[in-house]
Amino acid sequence: MIQTISGTAVSRGIVIGHGYRLQQGLVETLEISISKTKIEDEISRFRRAVRLARQQLRGIRNSIPETTRADITDFIDTHLLMLEDSMLTLAPVELIRSKHCNAEWALKSQRDALAVVFDEMDDPYLRTRKDDVDHVVNRIMRILLNQDNPEDGLLENSQLNGAIIITHDLTPAEMVLLQHQGIAGFVSESGGPLSHTAILARSLGIPAITGAHCHYDFHENDTLVLDGDQGLLICNADAATLKTYRSLQRKEQKRRTELNRIKDAAATTVDGIPVKLYANIELKEDIRAARRYCAEGIGLYRTEFLYMNRPDLPGEQEQYQHYCSIMKSLKGIPLTIRTLDLGADKELGAFSSRVASATNPALGLRAIRLCLKHVDLFRPQLRAILRASANGPVRLMIPMLSSNSELIDVLQLIESIKQELSDQGIGFDASIPIGGMIEVPAAALSASLFARRLDFLSIGTNDLIQYTLAIDRIDDEVTYLYDPLHPAVLRLIQMTIEAGISNQVPVSMCGEMAGDEQYTRLLLGMGLTDFSVQPTSLLEVKNVIINTDVSQLDKPVRKLLRSDTAEDIRQQLDHINSL
Ligand code: PEP
Ligand code: MG
């Protein structure tokens, strides 16, 4: 029977395909006592599960394409080594024998005992290996319980290729693994349009909906339709529904072909104002799309993705080589490298053991706060960025500034590293442009102070909206409050643009609002001339820019900014977009 599930549309596009349910979380188990006569059978059952786990991992290891990043294959090798270790293979056998318990319980007891040992380790890196133990334990446990293993789901490609993933939640790191497996779309229960996973999905052009609770028990052959425009998942679609969606897919294809015609056109308004149209990237793969749609530069490179899905931290040399290889692919267009924005919904990865868990992670030790507190984490990145600047146009951008003293601290640190590099005879661009992100209300209110010390500002509306309206960007319960047109948000944007103009410091916008074409005219009318958007939105935004006469916008934009109800603002926006 056809069933429609609705959620929040977070990444546009329509997919017709099969579903794949991704199970997540720790596997629960109960203690069952085993009679003496069955002990050897239970031990054999456990040994068989360990053997199968090894086979599974070797299979995954062999099926990974050669182009896959080394850190992903390294992490499989680590798990394979653990499956050889007596702590996981022999200790549970002893427990089954001595306690007469089931294999699952023995494995869980051994896992708990190991967790205590890991928690007490002084070495922060070794402490993080507890997660690896959990992954390996879960793998064996799922075999014992005849369940699918979620990591197979992330690393084996056969069922994932072209699949619509149905899951409770997806972290940005899991999203990266899944896109390597060719998933076609995803539906998750939690997360909102501004979660980093949703941003990543948009940037990769993977249709997605969040806040959708799908209990539908679909079968392998059922056809699912994911409508990322309307936020719908249609299970077991009938012929008429499929026909409608296929026709919508064709229309979208046609629209994109038409848009492609303007990819080489200059982003200049009808009245001759040149607009800088840059792209946001997260992964090296995004560069291809940025170049395909002729971005003039990269306005936001989210470096934190380099820190995910790996058991260790990238060192200075690795980062330097990585930045240089991105620059090489960019062929001379400017690259804005944002310094680490770890924390909140972007897991700390190998660094997690050094940071206490926060009650409100979005308000805690995140981004520049984390980097200033742990300079040993920050320093290699700053050195790598500065060294890379010797090889081409690089700009350095600082996320989540909230006070001038924080800015002064970062600038002093950068100066000291420049001095260090000079003393060591290592080259860098002495006048590398340094910019700050305006992502919290305090930063927007201090924009003119920041502008005096910085070479550029960039408005991060995703966080600016989150912090101004007090809505957690990953909580789907409050997604309905997310509103870029809220007068408070518009005033802070306007204040930042004006601070830039009066201090002759360029202001760009790199949050998702910049890439949503319904706001392009409004932003142009507010004086914004630098946009940095998802590569997949470049042409839509350019299309609006080249069809806009900014000289006509002054009056209606002022009227919109004076409006005080959501309906009125929406009406003014529709009017501006109809001009
Ligand atoms: C933003 O907050 O608008 C932004 C661009 O940064 P991120 O989405 O990575 O937090
Ligand atoms: Mg941000």
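Summary table below
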{"read-out": "3J(HN,Hα) from dihedral phi, segment 244-249, Karplus parametrisation 6.51/-1.76/1.60, rounded to Hz, x for glycine, proline", "value": "4, 5, 5, 5, 5, 4"}
{"read-out": "Environment charge of I465, counting only residues whose C-beta is closer than 10 Å and scoring Lys/Arg +1, Asp/Glu -1", "value": "-3"}
{"read-out": "Number of Lys pairs (Cα under 16 Å; 8 or more positions apart or on different chains) in segment 260-578", "value": "5"}
{"read-out": "Distance (nanometres) between label positions extended 7 Å along Cα→Cβ at L90 and H486", "value": "6.0"}
{"read-out": "Segment 313-426 shape via C-alpha gyration tensor axes, a/c threshold 1.5", "value": "prolate"}
{"read-out": "Leading residue at positive end of dipole, segment 260-578 (Cβ point charges), from N260, I368, L573", "value": "N260"}
{"read-out": "Size of electric dipole in segment 511-567: Cβ of Lys, Arg +1 and of Asp, Glu -1, about Cα centre, debye, nearest 20", "value": "260"}
{"read-out": "Label-point separation in nm, Q55 to L363, each point 7 Å along Cα→Cβ", "value": "5.3"}
{"read-out": "Interchain or long-range residues, amide H under 5 Å from I298's placed H", "value": "A279, L335, T336"}
{"read-out": "Where labels lie 7 Å past Cα in the beta-carbon direction, separation of L242 and R288 in nm", "value": "2.9"}
{"read-out": "Charge dipole of the chain about the Cα centre (unit charges at C-beta), most positive-ward option of I432, G392, Q110", "value": "G392"}
{"read-out": "Computed lengthening from K559 to L413, 0.36 nm per intervening residue step minus Cα-Cα distance", "value": "48.1 nm"}
{"read-out": "Estimated [θ] at 222 nm from DSSP helical runs (n ≥ 4, -39500 (n - 2.57)) normalised by residues in the chain, nearest 500", "value": "-14500 deg cm²/dmol"}
{"read-out": "Dipole of the chain [Lys/Arg +1, Asp/Glu -1 at C-beta], most positive-end residue of A208, V136, L88", "value": "A208"}
{"read-out": "Calculated FRET efficiency for the pair S403/V117, C-beta based, R₀ 25 Å, to 0.05", "value": "0.05"}
{"read-out": "Potential extension, S431-S35 segment - 0.36 nm per residue separation minus Cα distance", "value": "135.0 nm"}
{"read-out": "Dipole in debye (nearest 20) - segment 260-578, about Cα centre, beta carbon charges: Lys, Arg +1; Asp, Glu -1", "value": "760"}
{"read-out": "FRET efficiency estimate (nearest 0.05) - Cβ-Cβ, Q159 to H215, R0 22 angstrom", "value": "0.60"}
{"read-out": "Gained length - S448 relative to E316, 0.36 nm times residue gap less alpha-carbon distance", "value": "44.2 nm"}
{"read-out": "Neighbour cut-off at most 10 other Cβ (10 Å), DSSP loop, GluC sites (Glu not before Pro), segment 210-315", "value": "E220"}
{"read-out": "With at most 11 neighbouring Cβ atoms within 10 Å, loop trypsin sites (Lys or Arg not before Pro) (DSSP) excluded, longest segment of the chain", "value": "1-260"}
{"read-out": "Test item: Cα-centred dipole of the chain, Lys/Arg +1 and Asp/Glu -1 on Cβ, debye", "value": "1240"}
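Where a number appears in this text, it was derived from the coordinates with a stated rule and is not lab data. Keep in mind that what you see is a predicted model, and the values were worked out from it rather than measured. Here Cβ is always computed from backbone atoms with ideal geometry, including for glycine, and neighbour counts include all displayed protein chains.
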